[in-house]
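Novice: Following this message is one structure expressed as structure tokens.
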Amino acid sequence: MSSTLFRTKKVEQSILDTEEPEHALKKSLSALDLTVFGVGVIIGTGIFVLTGKAAKENAGPAVALAFVVAGVVCALAALCYAEFASTVPVAGSAYTFSYASLGELPAWIIGWDLVLEFALGTAVVAVGWSGYIASLMENVGWHLPDALGTREGADGFGFDILAAALVLVLTAILVLGTKLSARVTSVVVAIKVTVVLTVIIAGAFFIKGENYDEFIPEAKPVGEDSESLQSPLIQLMFGWAPSDFGVMGIFTAASIVFFAFIGFDVVATAAEETRNPQRDMPRGILGSLFICTALYVAVSIVVTGMQHYEQLDVNAPLAEAFKDTGHPWFAGFISFGAAVGLTTVCMILLLGQTRVFFAMSRDGLLPRFFSQVHPRFRTPHRPTILLGVLIAILAGFTPLGELAELVNIGTLFAFVVVAIGVIILRRTRPDLHRAFRTPWVPVIPILSVGASLWLMINLPAETWVRFGIWMAAGFVVYFLYGRSHSRLGKHQETTMQDIVEGHPHEDR
């Protein structure tokens, strides 16, 4: 039984499957498109919110160093993703990579994990976008009925109509074509980056040197209940709690601001739709990560220089910092930039999820009905419509604040699997052509695994419990459906039967 659970799918077979006419995606993306996708999904509310929160509560002005640390952690994972995406240019990202290196069951687990990560991520971002738009509408005197506003703290029936509408509109754009999605993303990313650069340049004129006094403030212990499920897992396991401020506070802040980087791995899901994936995937993944790290560090330096970290607002630090300097109109400008920017975050997360779902369906682990592409647009329209509608309902009815951390643990788990997969595939398939090679293997992948696990055990224990429940449900689905419908499994059974009966058998 174990041999069937860990059967691997050859890289050559994965690539061959992408050439089946009814299951082939259109190749239309360039390195610039991929970089724009990466920047579009990484820069969200994190750059406008987490900078102030982490500075005030965890690291002070040294939050800039926390962004560097988080960027390094992501870079370690990005190097592993870049090798896989250029070697196995097939939709599915970590799911496809795992199928080629670790086996079918680990691939299913990571695919199931990514479905959760991207679905919740899309819904959470849509709800955040809804809040920004509702706030901008109220500024001009437009008010939504309570029953159609945000679900956070709502009493009785309520449906977040704005969040649901955004998901449905983006679903339609994705059905019409990935290139159209890239064009829409390019326009929105240009607006978003312009807002960020304006904030950096304008804010630089209001920096006060004294606000950087005690760049690394004195360390303070974190006084949390060591028995609560809200406590970090590492505290429940070893009784060790992270500290705020000081040198260790930088790493505590890094575990928080890391989540502002979530999304660069979505670029890898578009490998199959890239014209020259061997060259362009590494450029798109690493380029977008470098650009966003530079912007994050610059914003954190500016905001902590404009206003002393102890006075920063944790909900809208940039807007409040400009108000403090006598320029309140920047608050609306920043809210506009955040609202516009979140549309691309939502769309690219939705794109990533549909590609993982499509890849799992093409392999038979989910119903093959969802692996048919649109005859005209060459997009996976069936899973896109299905997931778009489900996520719209989820975003409309569910307050998702507490579930957002499931996105984080899902992403880190994917990082661990991909890093391990790079090591294994180097040993099992040294003959594969690798247009991009992760340097210093196995050192870099091992460091990536260690850094990701460190951030994972700093997440609340409650998040681990919810993640475990979702994974358990995934095991049930796999053994009830996926294992018996696996195309790879059926192919191997046919091969064995032909051998037993003495018939020659040729691979597809």
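The values are calculated or read from the model by the stated rules, or taken from the named source; none is laboratory data. The shown structure was predicted, so the numbers you read here are calculated from the model rather than taken from an experiment. Note: ideal-geometry Cβ built from the backbone for every residue, glycine included; neighbour counts use all protein chains shown.
Novice: Looking at Gly92 and the list (1) crowded, with 24+ Cβ neighbours inside 10 Å; (2) out of contact with any Lys or Arg (no Cβ under 9 Å at 6 or more places or on another chain); (3) assigned to a loop (DSSP other than H, G, I, E, B), which single condition is not satisfied?
Specialist: Answer for Gly92: the failing condition is (2).
Novice: On to the next question. Would you confirm whether any residue within region 445-464 is touching a residue at least 24 places away in the same chain (Cβ under 8 Å), touching an Asp or Glu at 6+ places or on another chain (Cβ under 8 Å) and crowded, with 21+ Cβ neighbours inside 10 Å?
Specialist: Yes.
Novice: Considering only region 61-111, state which residues are under 26 Å from Asp17 (Cβ atoms) and β-branched (Val, Ile, Thr).
Specialist: If the condition is that a residue be under 26 Å from Asp17 (Cβ atoms) and β-branched (Val, Ile, Thr), then Thr87, Val88, Val90, Thr96, Ile109, Ile110 are the ones that fit.
Novice: Another question, if that's okay. Go through region 175-200 residue by residue and tally those that are closer than 16 Å to Lys323 by Cα and either modelled with pLDDT of 90 or more or in contact with a Phe, Trp or Tyr (Cβ under 7 Å, 6 or more places away or on another chain) (or both).
Specialist: Total meeting the criteria: 1.
Novice: Would you point out the residue of region 201-215, among those that are at pLDDT 90 or above and closer than 16 Å to Leu312 by Cβ, that is surrounded by the fewest Cβ atoms within 10 Å (Cβ to Cβ)?
Specialist: Glu210
Novice: Counting only residues that are touching a strand residue (DSSP E or B) at 6+ places or on another chain (Cβ under 7 Å) and either of a type in the set (Lys, Arg) or in a loop (DSSP other than H, G, I, E, B) (or both), how many does region 1-39 have?
Specialist: 1
Novice: So, one more: Would you please name the residue that is farthest from Ala126 (Cα to Cα), looking only at residues in region 401-450 that are assigned to a helix (DSSP H, G or I) and polar (S, T, N, Q)?
Specialist: Thr428
Novice: In region 107-115, is there at least one residue being charged (D, E, K, R), within 18 Å of Leu365 (Cα to Cα) and surrounded by 24 or more Cβ atoms within 10 Å (Cβ to Cβ)?
Specialist: Yes; the residues of region 107-115 include at least one that is charged (D, E, K, R), within 18 Å of Leu365 (Cα to Cα) and surrounded by 24 or more Cβ atoms within 10 Å (Cβ to Cβ).
Novice: Another question about this same structure. When you go through (1) buried (at least 20 other Cβ atoms within 10 Å of the Cβ); (2) touching a Gly at 6+ places or on another chain (Cβ under 9 Å); (3) over 27 Å from Gly103 (Cβ atoms) one by one for Val407, which number turns out not to apply?
Specialist: So Val407 meets the others, but not (3).
Novice: Please find, among Ala172, Ala154, Ala147, the residue that is of a type in the set (A, V, I, L, M, F, W, C) and either at pLDDT 80 or above or buried (at least 20 other Cβ atoms within 10 Å of the Cβ) (or both).
Specialist: Answer to the check: Ala172.
Novice: Output the residue which, of all residues in region 26-66 that are of a type in the set (S, T, N, Q) and crowded, with 24+ Cβ neighbours inside 10 Å, is modelled with the lowest pLDDT.
Specialist: Going through the qualifying residues, I end up with Thr51.
Novice: Sort out which residues of region 265-309 are among the charged types (D, E, K, R) and under 22 Å from Leu50 (Cβ atoms), and write them in order of number.
Specialist: Across region 265-309, the qualifying residue is only Asp265.
Novice: Which condition number in (1) under 25 Å from the mean Cα position of the chain (by Cα); (2) loosely packed, with under 11 Cβ neighbours inside 10 Å; (3) at pLDDT below 90 is the one that Pro439 fails?
Specialist: (3)
Novice: Right, something else. Being more than 24 Å from Val184 (Cα to Cα) and small (Gly, Ala, Ser) is the requirement here; does Ala54 meet it?
Specialist: Answer is yes for this residue.
Novice: Right, another one. Name the single residue, out of those in region 257-304 being in a loop (DSSP other than H, G, I, E, B) and under 20 Å from the mean Cα position of the chain (by Cα), that is surrounded by the fewest Cβ atoms within 10 Å (Cβ to Cβ).
Specialist: Here the residue is Ile262.
Novice: Suppose we keep only residues that are more than 13 Å from Met456 (Cα to Cα) and among the β-branched types (Val, Ile, Thr) within region 246-261. Which one would you say is modelled with the highest pLDDT?
Specialist: Within region 246-261, the match that is modelled with the highest pLDDT is Ile250.
Novice: List every residue pair whose Cβ atoms sit under 7 Å apart, with the two residues 6 or more apart in sequence or on different chains, where the first one lies in region 165-177 and is farther than 11 Å from Cys346 by Cβ and hydroxyl-bearing (Ser, Thr, Tyr) and the second, anywhere, is in a helix (DSSP H, G or I) and modelled with pLDDT under 95.
Specialist: Nothing qualifies.
Novice: While we're on this one: Filter region 361-372 for residues that are assigned to a helix (DSSP H, G or I) and crowded, with 17+ Cβ neighbours inside 10 Å and give the result.
Specialist: If the condition is that a residue be assigned to a helix (DSSP H, G or I) and crowded, with 17+ Cβ neighbours inside 10 Å, then Ser361, Arg362, Phe370, Ser371 are the ones that fit.
Novice: Regarding Arg376, is this residue closer than 30 Å to Gly489 by Cβ and charged (D, E, K, R)?
Specialist: No.
Residue-wise test of (1) touching a Gly at 6+ places or on another chain (Cβ under 8 Å); (2) of a type in the set (D, E, K, R); (3) in a loop (DSSP other than H, G, I, E, B).
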{"position": "Ile334", "(1), (2), (3)": "no, no, no"}
{"position": "Val356", "(1), (2), (3)": "yes, no, no"}
{"position": "His374", "(1), (2), (3)": "no, no, yes"}
{"position": "Arg382", "(1), (2), (3)": "no, yes, no"}
{"position": "Ile391", "(1), (2), (3)": "no, no, no"}
